[in-house]
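Visitor: One structure, as structure tokens, below. Some questions next.
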Amino acid sequence: MDSKPVRFVSIDQYIATFPETTQVILEELRAAIHAAAPEAKETISYQMPAFALNGILIYFAAHKNHIGLYPTASGMQAFAAELSIYETSKGAVRFPIDQPLPLGLIGQIVKHRIADDLQRAAAKAAKRKHGTTKT
């Protein structure tokens, strides 16, 4: 039997695949990200929910025992002290599924990622501008 994995096309579709209690947590997380980044667009990247402006700001995913938040290395470094109470890696933090999400902290991380994103976009634009003015 040929069983193909689900290819998500929306965050709604992704969230719908989880038990109701997990769906509630994911919707809270989604709302917190929207509140911090109202201009960001929802997308699916690497088969995970993500929010993007000029590039991906942040990813998240549900797992059996935790909610993973993937704010890239810069997001992790900027909030290392606050995130030290959670299990982390270079670019990820794992929030236990049986504990409330730190929504205020998540909002701060998203705002930090927006600043990174805008700075990177400005640097790219400046590089292009300078690249086209050379003779």
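Rule-based calculations on the coordinates, nothing more; no lab input. Everything quoted here is computed from the prediction, not taken from an experiment. Every residue, glycine as well, gets a Cβ built from its backbone with ideal geometry; the counts of neighbours run over all protein chains shown.
Visitor: Report the paramagnetic label zone for Leu53: residues of segment 74-116 whose backbone N is under 11 Å from a point 7 Å from Cα along the Cα-to-Cβ axis.
Guide: Under cut-off, by backbone N: 110-116.
Visitor: Sticking with this structure for a sec: Once the principal axes of the Cα atoms of the chain are found, what is the range along each, listed largest first in whole angstroms?
Guide: Largest to smallest, the principal-axis extents are 59, 44, 26 Å.
Visitor: Please compute, over every Cα-Cα pair in segment 26-87, the percentage with a separation greater than 18 angstrom. Walk me through the intermediate numbers first.
Guide: Values: 692 of 1891 pairs.
Of all Cα-Cα distances in segment 26-87, 37 percent exceed 18 Å.
Visitor: Under a plain spin-label model, where a point goes 7 Å from the Cα along Cα-to-Cβ, how far apart in nm are His130 and Gln99?
Guide: 4.4 nm
Visitor: Would you pull out the residues with amide H under 5 Å of Met48's amide H, same chain only if 5 or more places away, H placed 1.01 Å from N?
Guide: Placed amide hydrogens put nothing under 5 Å from Met48.
Visitor: Which of rounded, prolate or oblate describes segment 2-60 when judged by the alpha-carbon gyration tensor and an a/c cut-off of 1.5?
Guide: It is oblate, given that a/c is not under 1.5 and a/b is not larger than b/c.
Visitor: Show me, for segment 9-20, the HN-Hα J-couplings you get by feeding each phi into the Karplus relation (A = 6.51, B = -1.76, C = 1.60, θ = phi - 60°), rounded to Hz, glycine and proline as x.
Guide: These are the phi-based 3J(HN,Hα) values: 10, 8, 5, 4, 5, 4, 4, 4, 7, 9, x, 4 Hz.
Visitor: So, counting K/R as plus one and D/E as minus one, what does the shell of residues with Cβ under 15 Å around Ile11 add up to?
Guide: Working: positive: Arg7, Arg30, Lys41; negative: Asp12, Glu27, Glu28, Glu42.
It works out to a net charge of -1.
Visitor: Relative to the compact globular guide of 2.2 N^0.38 Å, what is the alpha carbon radius of gyration of segment 50-120, as a ratio?
Guide: After normalising by residue count via 2.2 N^0.38 Å, the value is 1.04.
Visitor: Per the helix-only calculation at 222 nm, which mean residue ellipticity applies to the chain, given -39500 (n - 2.57) for every DSSP H run of n ≥ 4 and division by its residues, nearest 500 deg cm²/dmol? Don't skip to the answer; put the middle values down first.
Guide: Working: 5 runs with 65 residues, N = 135.
My calculation for the chain gives -15500 deg cm²/dmol from helical runs alone.
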